[in-house]
Amino acid sequence: VKRVANVLFDQISSNTDEQELVLSDKKSFSISEKVDFIPDMDNLMNRRKYLEEEIKRRGKPDPTRDKVPISEIEAISSKINGGEVHFTANIKIEVYGELCIVYFPGELDSNLGLKIKNASPYKNTIIVCYANGYNGYFVAEEEYGKTFETYVSNAPYGKAEEIVDNIIDIIAKSKNKL
């Protein structure tokens, strides 16, 4: 899986066009995205049951081999026990000339991170995840039901795209305000 951090590192380290960074030219923007939803308990219970049956099917549980499904079962159980999900994702955007930094409070799907980067009008855009809080995984709609992250995400289907679209909108507007 291609991670945002690897892609960003490769792109930043390959850029040899050095420019002075003037910190006094900073522009800041904030987005607060409220998330309220009730997880699909039937789907979560079905996934947990499937994982438990897979471990049993393999025979004697092996802590090394079964580490990922066991972790997923624990995370799903925690989500089932937690019930409704309520939080506010606080995103901050800072612009220094042609450098845009997005501080994202969770783990953003790499395709969504690239969507932000590709839509940015700035020469360099960096996305810093796990910043300004941690609200879990934010996964693209097309990934739902395929990966561990989609089952344990605190963001409902489609919310990650909504947040990313808002980030892109603010970045675009910020370029016009400079």
## Note on the structure
For the chain, the per residue accessible area (1.4 Å probe, Å²) is 58 Å²
### Query
Got a sec? Charge dipole of the chain, +1 on Cβ for Lys and Arg, -1 for Asp and Glu; which of I171, N46, A160 is way out at the positive end?
N46
#### Entry: Accessible-area composition of segment 134-174, carbon plus sulfur, in percent [1.4 Å probe]
48 percent
### Those lysines that a straight Cα-Cα span of less than 27 Å connects to K27, excepting residues fewer than 8 apart in one chain
K92, K115, K117, K123, K159, K173, K175, K177
### Query
So how tilted is helix 41-57 from the main axis of the chain? Cα-based, degrees 0 to 90, rounded to 10.
60 degrees
### Summary
For K79, the lysines lying under 16 Å Cα to Cα, once residues fewer than eight places off in the same chain are dropped, come out as K49
### Task
Tell me which residues come under 5 Å, amide H to amide H, from N135 once H is placed; ignore anything under 5 positions away on its chain.
G106, E107
### Query
In whole Å, how far is the Cα centre of segment 63-116 from that of segment 125-140?
6 Å
## Note on the structure
Going residue by residue through segment 62-76, the Karplus relation 6.51 cos²θ - 1.76 cosθ + 1.60 with θ = phi - 60° gives ³J(HN,Hα) values, rounded to whole Hz and with x marking Gly or Pro, of 10, x, 7, 5, 9, 4, 5, x, 5, 4, 5, 4, 4, 5, 5
### Query
Over the heavy atoms of V68, what accessible area does a 1.4 Å probe trace out, to the nearest 10 Å²?
100 Å²
## Note on the structure
Matching label for the computed Rg/Rh (Cα atoms, Kirkwood Rh), out of (1) 0.97; (2) 1.06; (3) 1.28, is (2)
### Query
So what J values fall out for segment 104-111 if you push phi through Karplus, 6.51 cos²θ - 1.76 cosθ + 1.60 with θ = phi - 60°, rounded to Hz, Gly and Pro as x?
10, x, x, 9, 9, 3, 4, 5
### Message
Considering the Cα positions of segment 120-178, please state its Rg to one decimal place and its Dmax as a whole number of Å.
### Response
13.7, 41
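The values are calculated or read from the model by the stated rules, or taken from the named source; none is laboratory data. Just so it is clear, the structure is predicted and the values come from calculations on it, not from any experiment. Cβ sites come from the backbone with ideal geometry, for glycine too, and all protein chains shown count toward neighbours. Remember, those area values only see protein heavy atoms, side chains included, never the ligands or the DNA or RNA. Shrake-Rupley method; radii C 1.70, N 1.55, O 1.52, S 1.80 Å.
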